[in-house]
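**Q** Once you've had a glance at the structure underneath, I'll fire off some questions.
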Amino acid sequence: VEAALVSGPLKGKHIIVTSGPTHEPIDPVRYIANRSSGAQGTAIARALAALGAEVTFITGPAEVDPPVGMAVRRVNTANEMLAAVTSALPADAAVFAAAVADWRVASASDSKIKKDGSGALPVLEFAENPDILATVSKMKKDRPNLVVGFAAETDDVIAHATAKLERKGCDWIVANDVSPETGIMGGAENAVTVISADGADNWPRMTKAAVSERLAAKIAEALS
Ligand code: CTP
Ligand code: CA
């Protein structure tokens, strides 16, 4: 079924979804990245499309295959992801599920860095990447009506996520506890709290697909 033919509560709505990690080159063969399979972002894009949304899916080099039946833009770096998001605007909503690398190597080498045999260690200088979620949330023109961010935390989940909501200026933050003992990182399930100006909504632990369906339904309600 072509996505454009699907009817549903999100028919006629354009939604941008970012997903996966970004890879920031050190040299042509090495990079730094966050850990991210891309599973949650991919599931969200599918769930939004199933409700009739026209989805632009912008993904870093993820482990899972991108969803079919929608526009897919593949990027590597945070700067490329920001450019892809900006060029996909305007949108009714944007869901930033990507695990964007916070820093890039300030001047990546065009040639492979070689060990010189002396045991000397390379020293990498970093630069901060643009914050895509904050940039879009603070846009004067073209800001989507609904901007949703994620916060994967290992402690004080709600406090950190609420601070992020305020700092970045988005409408909702989908927060989760990714401490090793939860087994959430890289797994099939997720347990999230959706935080907005109205407060914190605790969802029980469920599959990433179920989290995505519930989030898509909540987005449909907010945009209606
Ligand atoms: N995000 C983004 N661009 C960045 C960093 C993060 O768009 N350069 C988005 C993520 O996609 C996510 C949200 O911001 O939706 C929160 O990401 P997170 O890494 O938790 O926030 P940071 O502000 O980077 O804070 P931390 O120091 O905890 O990594
Ligand atoms: Ca970060």
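**Q** Can you tell me the 0 to 90 degree angle between the C-alpha axis of helix 78-88 and the longest principal axis of the chain, rounded to 10?
**A** The answer is roughly 30 degrees.
**Q** Still on this structure, I have one more. With θ taken as phi - 60° and the coefficients 6.51, -1.76 and 1.60, list the Karplus ³J(HN,Hα) couplings across segment 107-117 in order, rounded to whole Hz; mark glycine and proline as x.
**A** Once rounded to whole Hz, the list reads 9, 4, 7, 6, 10, 4, 6, 9, 6, 9, x.
**Q** What is the helix-to-structure angle for 157-168, meaning the angle in degrees between its Cα long axis and the longest Cα principal axis of the chain, kept from 0 to 90 and rounded to the nearest 10?
**A** Roughly 90 degrees between the two axes.
**Q** Here's a follow-up. Give the percent of DSSP beta bridges with both residues in segment 1-134 that are antiparallel, rounded to the nearest 5.
**A** Numbers: 7 of 22 bridges.
Within segment 1-134, antiparallel bridges account for around 30 percent of the total.
**Q** In addition: Which of ALA163, ASN129, VAL75 sits closest to the plus end of the dipole of the chain, meaning its Cα is farthest towards the positive end, when Lys and Arg get +1 and Asp and Glu get -1 on the C-beta?
**A** VAL75
**Q** How big is the Rg/Rh ratio for segment 103-195, C-alpha atoms only, Rh by Kirkwood, two decimals? Present the calculation step by step, with values, prior to reporting the outcome.
**A** Working: Rg = 18.7 Å, Rh = 16.4 Å.
My calculation puts Rg/Rh at 1.14.
**Q** Could you tell me which residue out of GLY38, GLY12, GLY60 lies farthest along the dipole of the chain toward its positive end? Charges go on the beta carbon: Lys and Arg +1, Asp and Glu -1, centred on the Cα centre.
**A** GLY12
**Q** Sticking with this structure for a sec: Which percentage, to the nearest 5, of the DSSP beta bridges contained in the chain is antiparallel?
**A** Values: 17 of 42 bridges.
The antiparallel proportion sits near 40 percent.
**Q** Still on this structure, please answer the following. Each label point is 7 Å from the Cα along the Cα-to-Cβ direction; what then is the distance between the points at ALA222 and GLU189, in nm?
**A** Result: 2.6 nm between the two label points.
**Q** Hey, another quick one. Over the Cα atoms of the chain, what Rg and Dmax result, in angstrom?
**A** For the chain, the Cα radius of gyration and maximum Cα-Cα distance read 18.1, 65 Å.
**Q** Run the numbers for SER109 and THR86: contour at 0.36 nm per residue of separation, minus the present Cα-Cα distance, in nm.
**A** Working: separation 23, 0.36 × 23 = 8.28 nm, distance 2.72 nm.
Extra length from SER109 to THR86 when fully extended: 5.6 nm.
**Q** Run down the lysines and flag those whose C-alpha is under 16 Å from the C-alpha of LYS11, throwing out any fewer than 8 positions away in its chain.
**A** Correct list for LYS11: LYS218.
**Q** Further question on the same structure: Please compute the modelled spin-label separation between SER118 and GLU153, points set 7 Å along Cα→Cβ, answer in nm with one decimal.
**A** Label at GLU153, label at SER118, 4.6 nm between them.
**Q** In degrees, nearest 10, range 0 to 90: what is the angle between the Cα axis of helix 208-223 and the longest Cα principal axis of the chain?
**A** Result, in degrees: 60.
Bear in mind that the values in this text are calculations on the coordinates, not laboratory data. Not measured: the values here are computed from a predicted model. Cβ: placed from backbone, ideal geometry, glycine included. Neighbour counts: every protein chain shown.
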